[in-house]
Protein chains: 2
Amino acid sequence: MGKIVFGVDIGGTTVKLGMFDAEGALLTKWEIPTVTKNHGSHILQDIADSVNEKRAAFGYEVQDVIGVGVGTPGPVDAAGVIYGAVNLGWGELNIVKTLQPLVGVPVKAGNDANVAALGEMWKGGGRGCQDIVAVTLGTGVGGGIIINGALVAGFNGAGGEIGHMLVEENETEPCNCGLCGCLEQYASATGVVRLAKRRLAEDETASSLRSLGDTLTCRDVWDAVREGDAAAAEIAKRFGYYLGKGLAAVACVVNPEAFVIGGGVSKAGEILFDYIIPQYQKYVFKGSREAKFLLAKLGNDAGIYGAAKLVLG
Amino acid sequence: MGKIVFGVDIGGTTVKLGMFDAEGALLTKWEIPTVTKNHGSHILQDIADSVNEKRAAFGYEVQDVIGVGVGTPGPVDAAGVIYGAVNLGWGELNIVKTLQPLVGVPVKAGNDANVAALGEMWKGGGRGCQDIVAVTLGTGVGGGIIINGALVAGFNGAGGEIGHMLVEENETEPCNCGLCGCLEQYASATGVVRLAKRRLAEDETASSLRSLGDTLTCRDVWDAVREGDAAAAEIAKRFGYYLGKGLAAVACVVNPEAFVIGGGVSKAGEILFDYIIPQYQKYVFKGSREAKFLLAKLGNDAGIYGAAKLVLG
């Protein structure tokens with residue numbers, strides 16, 4: 001058995017890397033730039049060079065390394081094949097087969113949101129649970145489904161794409177994915193801002209949010225909710241309606257022990273749950289009524305933890 | 001390694017039993033009545049007696065038996081604990097711990113719809129797939145989620161309860177579960193009849209279904225669709241809308257390779273897909289667009305096959 005494992009989280013501008021011991025203690029973490037030129041053909045070589053260099057700098061041999069786990073944007077199947085990642089310049093690519101010879105140790109790969117979910121189950125907000133749904137409320141809405149401690153990658157790598165579940169049939173503006181009425185259009189950070197602008201445009205209700213104009217952010221909305229702003233509370237209620245209803249549908253499928261909520265929107269904290277849980281309870285099948293709602297804890301490190309866990313199994 | 005395995009499917013009126021070899025060939029199958037008196041306290045003893053008797057009749061010893069798998073209505077968790085089954089008279093009951101001493105071999109238990117899903121993956125319509133969602137369109141709508149060849153029981157045994165996913169927010173009549181607008185209210189056999197009666201009551205459009213009055217069945221609707229009845233086609237379209245939309249939401253969660261459609265409604269055959277698939281395609285996230293739609297093949301035997309598979313792992 002080796003002594004260390006590497007977790008790698010590829011983003012559009014930087015690659016985050018972590019070196020862990022076999023129990024998951026983070027020994028060191030660092031970042032390198034993501035070089036997307038030439039269709040991202042440098043990315044995996046750069047990761048291999050950086051991993052090999054860090055390993056040597058800490059005095060470890062290749063045989064000390066249990067493996068390298070990788071999280072990346074885009075759909076990744078259980079065999080480690082990615083079916084295209086636009087912001088990295090990648091088309092279809094077998095990450096495992098490409099990276100393995102460059103590092104000389106086993107490689108595992110998964111979708112970044114899925115891998116972050118695994119990290120949160122292992123060392124974060126879902127610690128102690130084996131069946132969780134991790135929900136990342138960021139620029140978009142990502143999801144990661146963990147059953148019996150293992151990721152549900154999906155047959156085409158599209159497991160946990162809960163941001164693209166239909167929650168509003170009357171929507172006319174399209175989501176980035178081309179559909180209309182996706183959960184992401186209401187529960188992401190941009191979605192909350194969109195809900196806010198729509199609400200403010202409906203009438204002349206006084207609100208501290210009005211003075212912010214186009215600078216209005218998701219954070220402003222939650223700050224206003226905390227300050228008792230009535231319009232902000234209505235916006236939060238709509239956010240909670242869409243997310244609670246969407247997660248109730250997710251629960252009908254996998255009946256998780258807990259939902260672990262992360263991403264930028266989750267920085268608002270427990271107040272989110274005041275708006276999500278009543279709506280979840282309203283729409284959910286009784287068998288899933290007791291699901292817990294937890295906040296993610298690892299922040300931007302969830303990806304490197306989960307990638308390491310992907311290797312440790 | 002033992003030589004035979006028993007699969008047991010408990011229903012409200014009869015218990016179906018099957019004896020299989022280790023490769024899953026059905027050696028014999030039979031039925032016994034379900035005795036629900038005294039809170040169903042006879043059921044597991046009756047099953048044990050019947051299994052032991054059949055084993056002996058075929059000349060096998062206890063050590064020849066790999067195990068006994070059981071499917072039952074109600075939510076069953078991964079440890080084999082059922083949290084109540086009204087039509088059997090059961091409250092909370094540890095099926096595994098109760099039955100194991102009576103048969104002297106390992107016991108596994110699961111929800112009947114989940115177990116039937118496993119059977120369809122193993123020897124039925126989903127043969128060759130490892131990631132399927134089985135959908136049983138019967139009196140209600142049941143579901144079974146199989147990931148990497150294993151059942152998703154759910155933390156409270158409520159995995160795959162897709163019949164209780166909200167698909168119609170404007171519904172005013174309650175589902176049996178107490179919620180309003182569940183998939184089961186439109187896509188079950190009773191749901192199709194309900195859609196039919198509603199459609200016929202809307203106007204005076206001529207339809208062969210009108211003469212049937214209260215005897216109208218789900219089968220009549222599909223027969224009329226095949227005969228070119230315009231109102232029946234509209235009913236089928238509504239059925240397809242609810243089921244296609246619901247399965248698109250399921251796909252956002254687990255991204256299966258295939259949906260395997262069974263239960264009484266599925267006797268209509270491939271014509272169902274003409275109504276389900278276009279709606280599924282309309283609402284589904286692109287990553288799940290290629291999911292296959294297959295018909296279940298094992299009929300009422302899916303439960304005994306799946307229960308045997310539960311033991312074989």
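The values are calculated or read from the model by the stated rules, or taken from the named source; none is laboratory data. What you see is a predicted model, and the numbers here were worked out from it, not measured in a lab. All Cβ positions, even for glycine, are placed from backbone atoms using ideal geometry, and neighbour counts span all protein chains on display. Accessible surface is based on the protein model in full, side chains and every heavy atom, while ligands, DNA and RNA are left aside. Shrake-Rupley method; radii C 1.70, N 1.55, O 1.52, S 1.80 Å.
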Tell me whether segment B:4-130 comes out rounded, prolate or oblate; compute the Cα gyration tensor, take square roots of the eigenvalues as a ≥ b ≥ c, and use a/c under 1.5 as the rounded threshold. oblate
In chain B, with Lys and Arg counted as +1 and Asp and Glu as -1 at Cβ, which of these residues, B:304, B:189, B:225, has the Cα nearest the positive end of the dipole, that is, farthest along it? B:304
Candidate cut points under chymotrypsin sites (Phe, Trp or Tyr not before Pro) in segment B:240-289, DSSP loop plus at most 12 other Cβ atoms within 10 Å of their own Cβ, are none
Label position 7 Å from Cα toward Cβ: report the copy-to-copy distances for residue B:274 in nm, one decimal, ordered from shortest. 5.5
Length-normalised contact order of chain A in % [C-alpha pairs under 8 Å, at least 6 apart]: 21 percent
So what is the relative contact order of segment A:161-283, in percent, for Cα pairs below 8 Å that sit 6 or more residues apart? 24 percent
Could you tell me the center-to-center distance, by alpha carbons, between segment B:162-223 and segment A:169-224 in angstrom? 37 Å
Mean ellipticity per residue at 222 nm, deg cm²/dmol - from DSSP H runs of n ≥ 4 across chain B, formula -39500 (n - 2.57): -11500 deg cm²/dmol
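With a 1.4 Å probe and all protein chains left in place, how much accessible area per residue does the protein assembly as shown have, in Å²?
Result: 40 Å² per residue.
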Work out the length of the dipole vector of the protein assembly as shown about its Cα centre, built from +1 on the beta-carbon of each Lys and Arg and -1 on the beta-carbon of each Asp and Glu, and round it to the nearest 20 debye. 580 debye
Step by step: find N for segment A:145-255, compute 2.2 N^0.38 Å, then divide the Cα radius of gyration by it. What's the final number? 1.22
Going highest first, how would you order B:126-132, B:289-295, A:187-193 by mean Cβ packing within 10 Å? A:187-193, B:126-132, B:289-295
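Quick check: with the 1.4 Å probe, what order do A:257, A:234 take by accessible area, largest first?
Sorted by accessible area, descending: A:234, A:257.
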Calculated P(r) tail over 21 Å for segment A:64-185, as whole % of Cα pairs: 44 percent
Quick one: what do you get for the protein assembly as shown if you divide its Cα Rg by 2.2 N^0.38 Å? 1.02
Charged-residue dipole, Cβ positions (Lys, Arg, Asp, Glu), segment A:121-229 about Cα centre, Debye nearest 20: 500 debye
P(r), alpha carbons of segment A:45-119 - 5 Å bins starting at zero, rounded %: 3, 16, 25, 22, 18, 10, 4, 0
Taking the Cα atoms of chain A, report the difference between the largest and smallest coordinate on each principal axis, in whole Å and largest first. 66, 43, 34
So, in Å, what gap is there between the alpha-carbon centers of segment A:98-122 and segment B:252-282? 33 Å
By the Kirkwood definition, with r running over pairs of different Cα atoms, segment A:206-313 has a hydrodynamic radius in Å of 15.4 Å
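Total Å² of accessible surface buried at the B-A contact, 1.4 Å probe, nearest 100?
3100 Å²
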Per residue convex hull volume, Cα only, segment B:169-217, in Å³ is 85 Å³
Counting other Cβ atoms within 10 Å, keep those with at most 10, restrict to DSSP loop, and tell me which GluC sites (Glu not before Pro) in segment A:121-218 are left. A:204
Among A:28, A:13, A:205, the residue with the largest mean-square fluctuation in a Gaussian network model of chain A built from Cα contacts under 10 Å is A:205
Heavy-atom accessible surface, probe 1.4 Å, ligands and DNA/RNA ignored: which residues of segment B:159-186 lose at least 20 Å² versus the isolated chain? B:161, B:164, B:165, B:166, B:169, B:177, B:179
Please compute the contact order of segment A:146-228 in relative form: average sequence separation of alpha-carbon pairs under 8 Å and at least six residues apart, divided by the residue count, as a percent. 17 percent
Among A:60, A:75, A:48, flag the residue with its Cα farthest along the positive direction of the charge dipole of segment A:34-89, charges on Cβ as +1 for Lys/Arg and -1 for Asp/Glu. A:75
Per-residue Cβ counts within 10 Å, from other chains only, averaged over B:244-252: what number is that? 6
Across A:118, A:102, A:195, the residue with the highest GNM fluctuation in chain A (Cα network, 10 Å cutoff) is A:102
Would you mind classifying segment B:191-232 by shape? Square roots of the alpha carbon gyration tensor eigenvalues, ordered a ≥ b ≥ c; an a/c under 1.5 is rounded, otherwise it is prolate if a/b is larger than b/c and oblate if not. rounded
Residue separation between residue B:297 and residue B:41 times 0.36 nm, minus their alpha-carbon distance, gives in nm 88.9 nm
Simple SL model, points at 7 angstrom along Cα→Cβ for residue B:83 and residue B:30; separation in nm is 3.6 nm
How far is residue B:299 from itself in the other copies, in nm, if each label sits 7 Å out from Cα along the Cα-Cβ line, shortest first? 6.2
How big is the charge dipole of segment A:24-68 about its Cα centre, in debye rounded to the nearest 20, if each Lys and Arg gets +1 on its Cβ and each Asp and Glu gets -1 on its Cβ? 120 debye
Could you pull out the pairs from B:29/B:245; A:245/A:292; A:245/B:282; A:16/A:297; A:282/B:108; B:16/B:309 whose alpha carbons sit more than 26 Å apart here? B:29/B:245; A:282/B:108
Using a Gaussian network model of chain A with C-alpha springs under 10 Å, which one of A:64, A:112, A:77 is most mobile by mean-square fluctuation? A:64
Bridge type composition, the protein assembly as shown - antiparallel percent by DSSP, nearest 5: 60 percent
Just the C-alpha atoms of segment B:231-271: what Rg/Rh do they give, with Rh taken as the Kirkwood radius? 1.01
Which listed residue (B:175, A:201, B:268) has the Cα farthest towards the positive end of the charge dipole for the protein assembly as shown, taking +1 on Lys and Arg C-beta and -1 on Asp and Glu C-beta about the Cα centre? B:268
